[in-house]
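In what follows, a structure is listed as structure tokens, so that the remarks can point back to it.
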Amino acid sequence: MRYLNRVKIILLFVIFSFLFAFIAGCSAGAESSQDELKMATLDGMPAEVKAAPVVVRQAYQFAVSNPDVLEKIPCYCGCGAMGHTSNYSCYVSGVDANGVVNFDNHALGCSICVDITQDAMRMIEHGKSVPEIKTYIDQNYSQYGSSNLP
């Protein structure tokens, strides 16, 4: 009888241990989902953006929601000659006093702009800081041209 009671206690301990580990794992997943990228909806974006390939749409959505990041990241496609002053400028030409975004269509046809943004998105998901992202972008894209950051 004592043996059966010990087995029951051990079995209950094992079950509760697994249950605790499962609950802890679920809550850790919930926390990491809070670190998801900020992404604007496609509502209000130009039809050309809505019809663009997924990676381009995502880049526009990210740019609109993360000017604080992309304004500090350069572009190396040569768009500085167009007046662009950051990777953000490849997507957004300005925001009016009412918060209405004026889109730039340059990134619709520029894979370098989109690749830089996609790299920034990936690095943010991996917890990298804006200076770390900028260093990576400088090292990997400067071969294509000069930086458009002033």
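Bear in mind these aren't lab numbers, they're just calculated from the coordinates by the rules spelled out. Predicted model only: the values in this text are computed from it and were never measured. Glycine also receives a Cβ, built like all others from the backbone with ideal geometry; neighbour counts cover every protein chain displayed.
Restricting the search to helices (runs of 4 or more DSSP H) fully inside the range 43-132 and requiring at least 2 residues that are surrounded by 12 or more Cβ atoms within 10 Å (Cβ to Cβ) and among the hydrophobic types (A, V, I, L, M, F, W, C) gives 54-65, 67-70, 111-125.
Scanning the range 99-136 for residues that are among the hydrophobic types (A, V, I, L, M, F, W, C) and farther than 18 Å from Val55 by Cα yields Val100, Val101, Val130, Ile133.
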